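Participant: Can you keep this structure in mind? I'll have questions shortly.
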Amino acid sequence: MNAETKKMLRALPSVASLLEHEEVVDWLAGSPRSYVVSSLQEAIDEAREAILDGDDISVDPDDLVAEAEVYLLERSTPSLRGVINATGIVLHTGLGRAPLCEAAVEALAESIGGYCNLEYDLETGQRGKRQVHVSELLAEITGAEAATVVNNNAAATLLILQTLANGKDVVVSRGQLVEIGGSFRLPDIIRAAGVTLKEVGTTNRTRISDYEQAIGSDTAALVRVHTSNYRIEGFCESVGIDELVELAHRFDLPVVDDLGSGALFDLKPLGLPDEPHVQASVDAGADLICFSGDKLLGGPQCGIIVGRQDLIDQIEANPLMRTYRVGKLTLLALEATLRCYADREQAPELVPTLAMLTATTEDLAKRAEKLSELLSQVLPEEHFFVGSDVAYAGGGTLPAQELTTVVVQWRPAGAGATEIAAALREAEVPVIARIRNEAICFDLRTIGDDDLESLVDSVASAILDDEEEEDEDTNDVSLPIL
């Protein structure tokens, strides 16, 4: 180690001295001391490594404090953040699936910071049951006798099977042995419930006779699973819920209908494709129906079970129920969402998922024109174009249904689309967009009016950051000595 390196190392200020810096004192007023100390130490350590590597680096306290501020910002920024979904995928699993309705947000805001009557009966003053806050609503909306809620639909499926068929068999069509997100497969869930799977039929064709031939002394239930994330088309055949119920009840067996996608009622009047829905299964006599709360229903993540009162009672008495039960935040949001379905004609206006899925291209085009104008005002040197495209529901729902949509396309003048898309993800309000034909596409199907201003700010910051990086790269270039 040469003398100059030793001199620079000795010149490095200590954490204690930097804590007295005027700017750092201001940090301590608004940030945890541990965050501040760690950030200062990280800046000093990085400077020390640079010196030992022979780099010419500043050891001035102001410069180190500026570097530490970057680390403090990283430590202070929440990992889970709100983003603008510009992909057009309404139920984007990576982005939290269904956005909550205004009523749910208000319910959470009013009760999240204090106490609530989660398991307290205000009328009797005695301990109550948490499920009561949503069970009557679910029964009223679906027409079922009873209902209960767990933390997701996979848990609902497992809990139903473990309660009704532990140590016994369930019969499922081979074409319905789905794999859900995260590589969880239905056969694995069935085995985890302590149940033996009896596959019937073939991948593309299953008849009612296949089910009947599979029924034996150890059969505990017939199970139908909605293939909500794929479709089998062409030379195919499946058994309807009415026919399956008739067969099962003839053998005094229950039918479990795993609908997954969570359509409460017929969506065809809303202009959406035919989708198996909860009320149809209830009307057909299915004994238990389970579905997701954060897909087409448009609520928080949860698994909902509706059906016969005696079977719901058995499920709630299962010791595993406590491991899958939901908390007050889920129940608050779910109750508020379900109340939006009291008037089905109003539901598409009140539930964001339904509103986005049913938005007309005319409405999307108006919003796209507004976004394009705002972007052009802030970035007049860039060019933005309004065009048509295709979006999808996402979240394992309506997999074959294309949604005609409207996008604002942008080919950045001074950078590639991939680089700008990365910068958008790192903005103060992250924007998640898609790239098509080297253009960034902002899909208005998932961008609301309230998102426009923040989106424009994020685009402007992405351009600015990219220009600053280019300037830094230019300044680093060594010019030849002539």
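Participant: Using Cβ counts within 10 Å as a stand-in for footprinting exposure, how do 115, 120 rank, fewest first?
Facilitator: Final ranking by Cβ density, sparse to dense: 115, 120.
Participant: Order of 132, 37, 200 from fewest to most other C-beta atoms within 10 Å? Please report the intermediate quantities before stating the final value.
Facilitator: Values: 132 13, 37 17, 200 22.
By the 10 Å Cβ count, ascending: 132, 37, 200.
Participant: Of 295/366; 295/370; 268/366; 168/268, which sit over 32 Å apart, Cα to Cα?
Facilitator: Numbers: 295/366 27 Å; 295/370 29 Å; 268/366 25 Å; 168/268 38 Å.
The pairs that break the limit, which is 32 Å between Cα atoms, are 168/268.
Participant: Please give the direction-averaged projected area of the C-alpha convex hull for the chain, in square nanometres with one decimal. Before the final figure, lay out each step's value.
Facilitator: Numbers: hull surface 131.6 nm².
Averaging across all directions leaves 32.9 nm² for the Cα convex hull.
Participant: Still on this structure, please answer the following. Kindly work out what percent of the DSSP beta bridges joining two residues of the chain are antiparallel, to the nearest 5.
Facilitator: Around 60 percent of the beta bridges assigned by DSSP in the chain are antiparallel ones.
Participant: Before rounding to the nearest 500, sum -39500 (n - 2.57) across all DSSP H runs of length at least 4 in the chain and divide by the residue total; then give [θ] at 222 nm in deg cm²/dmol. Mind dumping the intermediate values first?
Facilitator: Details: 20 runs with 211 residues, N = 482.
Helix contribution divided over all residues of the chain: -13000 deg cm²/dmol.
Participant: For Cα pairs less than 8 Å apart in space and 6+ apart in sequence, what is the mean separation divided by the residue count of region 102-348, i.e. the relative contact order in percent?
Facilitator: Working: 444 pairs, mean separation 62.2, N = 247.
Relative contact order here is 25 percent.
Participant: With a cut-off of 8 Å between alpha carbons and a minimum separation of six or more residues, what is the relative contact order of region 159-277 in percent? Kindly include the intermediate steps, with their values, before the conclusion.
Facilitator: Numbers: 185 pairs, mean separation 29.8, N = 119.
Relative contact order comes out at 25 percent.
Participant: If you don't mind, another one. Quick one: putting +1 on the C-beta of Lys and Arg, -1 on the C-beta of Asp and Glu, what dipole do you get for region 102-348 around its Cα centre, in Debye to the nearest 20? Provide the component values of the computation, followed by the final result.
Facilitator: On the way: 21 positive and 36 negative charges, 160 e Å.
With only Lys, Arg, Asp and Glu charged at Cβ, the dipole is about 760 debye.
Participant: What whole-number distance in Å separates the alpha-carbon centres of region 3-44 and region 316-349?
Facilitator: Using only Cα atoms, the two centres lie 49 Å from each other.
Participant: Here's another thing I want to ask about it. Taking 0.36 nm per residue of separation and subtracting the Cα-Cα distance, what length does fully extending residue 450 through residue 402 add? Present the calculation step by step, with values, prior to reporting the outcome.
Facilitator: Values: separation 48, 0.36 × 48 = 17.28 nm, distance 2.53 nm.
Gain on extension, residue 450 to residue 402, equals 14.7 nm.
Participant: Can I ask one more? Sorted from largest to smallest, which semi-axis lengths in Å does the alpha carbon gyration tensor of region 145-298 give for its equivalent ellipsoid, taking the root of 5 times each eigenvalue? Working shown, then result.
Facilitator: Values: eigenvalues 96, 67, 51 Å².
Value: 22, 18, 16 Å, ordered largest first.
Participant: Shifting gears a bit: Based only on other Cβ atoms within 10 Å, what is the fewest-to-most ordering of 25, 326? Display every interim value, and only then the final one.
Facilitator: On the way: 25 11, 326 23.
With the fewest neighbours first, 25, 326 line up as 25, 326.
No lab work stands behind these numbers, since they all come straight from the coordinates. Remember, predicted model here, so these are calculated numbers, not experimental data. All Cβ positions, glycine included, derive from the backbone under ideal geometry; neighbour counts span all protein chains shown.
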